[in-house]
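Written out below as structure tokens is the structure these notes cover.
The values are calculated or read from the model by the stated rules, or taken from the named source; none is laboratory data. For clarity, every value in this text was computed on a predicted model and none was experimentally measured. Using ideal geometry, Cβ is built from the backbone for each residue, glycine included, and neighbour counts are taken over all protein chains shown.
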There are 6 protein chains.
Amino acid sequence: MALSARNNLSGTIRSVTMDEVMAEVVIELDGGETVTSTITRGSADRLDLAEGDEVSAVIKASEVMVNKD
Amino acid sequence: MALSARNNLSGTIRSVTMDEVMAEVVIELDGGETVTSTITRGSADRLDLAEGDEVSAVIKASEVMVNKD
Amino acid sequence: MALSARNNLSGTIRSVTMDEVMAEVVIELDGGETVTSTITRGSADRLDLAEGDEVSAVIKASEVMVNKD
Amino acid sequence: MALSARNNLSGTIRSVTMDEVMAEVVIELDGGETVTSTITRGSADRLDLAEGDEVSAVIKASEVMVNKD
Amino acid sequence: MALSARNNLSGTIRSVTMDEVMAEVVIELDGGETVTSTITRGSADRLDLAEGDEVSAVIKASEVMVNKD
Amino acid sequence: MALSARNNLSGTIRSVTMDEVMAEVVIELDGGETVTSTITRGSADRLDLAEGDEVSAVIKASEVMVNKD
């Protein structure tokens, strides 16, 4: 990918929930963990996102926090 | 965790690089993928982050995009 | 807290408004100012957020802008 | 303010630390809590930010998480 | 503007769509491109945003990614 | 583009400034306005970003605020 975003985690869509404005997409990563994304409904429609789609979760490094117990 | 952030991916720190203001932390997830985070150097110092630490990458759902090829 | 996010402002929830996907949480800080947060409805449900709850607003430093009149 | 950002917390700058690219600004809110912001050095220079300046921390609601212990 | 956010693109609102919590605002920039923003419905109401309004899209530099094909 | 991010503004890189961790990229949009981005130095190196490159600024809708004077 030619996008500067450092994080690109591949997985499969497990659910898409929509409001008028927003959509929530739940992705099961290939490694087994789950990632939840909120995007606009317009983007979910444009990409025709549906359960079972192979996608990736893309995240800018500046948006990732670190937790150390 | 009692934090609203939906995404919490556990892994191990592979490197910490620091500037005067910012730090870059590279985390290898338990599932094998790599996540890069930029935080303040102040936070990296406060949490005493170092290679080998068990941590998690925490990400608010609103910061996650979806890519579908 | 062992989270890298630098900002952690304690207060009391004054209202929670929900859509199908998103929730808006209004927090009155102990110092008297008000902070508004939008999170997923899923997180608001999981944390069982309600008026009167003692919570904190957590904000990554990279998300804070500065205004100087 | 005519900006859509919901959160606008007034305070006083306690320190400004700079790199080549980034600056960290620590603001003591009027209510007593401390907020840390990272912005570009270019913005810190343009606004001529310095210790003692009266400023406000401006935060979009979508960037605020909620923690409930 | 006295706000640290580096990006301030002027344009005209082409549509406002609202949910209970969120609003989507589509802005046509003076240069011809379109920018979509999601803000709280509360902010859209407070600013009384409507089609035809002259506004600007304000974006913190840390939120801008770069794509190079 | 198959990415959910709603905003994709094409332009030309006017400058790249680097620290150890971060890079600032200034892009002149085809419409004439300027957009500033901060990304990791690692991404700037990986994409080999340099003055004169044709790129686009990619921005998630949730990161765009609206200002109405």
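Points worth noting:
- Residues satisfying the stated conditions in segment D:1-21, i.e. at the interface with chain C (Cβ under 8 Å from one of its Cβ atoms) and in contact with a helix residue (DSSP H, G or I) (Cβ under 9 Å, 6 or more places away or on another chain): D:A5, D:R6, D:N7
Each row is one residue, and each column tells you yes or no for (1) surrounded by 16 or more Cβ atoms within 10 Å (Cβ to Cβ); (2) within 30 Å of F:L47 (Cα to Cα).
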site	(1), (2)
E:N7	yes, yes
E:R14	no, no
E:G31	no, yes
E:V35	yes, yes
E:S43	yes, no
E:D48	no, no
E:E54	no, no
E:E63	yes, yes
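- Every residue from segment C:35-52 that is assigned to a strand (DSSP E or B) and more than 8 Å from chain D (Cβ to nearest Cβ): C:T40
- Here E:S56 qualifies as under 10 Å from the mean Cα position of the chain (by Cα), under 30 Å from D:E24 (Cβ atoms) and facing chain F (nearest Cβ under 7 Å).
- Tally of residues being closer than 30 Å to A:S15 by Cα, β-branched (V, I, T), without any contact (Cβ under 8 Å) to a residue 24 or more places away in the chain and part of a strand (DSSP E or B) across segment C:6-34: 2
- Test result for C:R41, at pLDDT below 95 and either over 12 Å from the mean Cα position of the chain (by Cα) or more than 30 Å from B:V26 (Cα to Cα) (or both): no
- The residue of segment D:53-69 that is farthest from B:A5 (Cα to Cα), among those that are β-branched (V, I, T) and in a strand (DSSP E or B), is D:V55.
- When residues of segment E:22-34 are limited to those that are touching a helix residue (DSSP H, G or I) at 6+ places or on another chain (Cβ under 8 Å) and at the interface with chain F (Cβ under 8 Å from one of its Cβ atoms), the one farthest from C:V25 (Cα to Cα): E:V25
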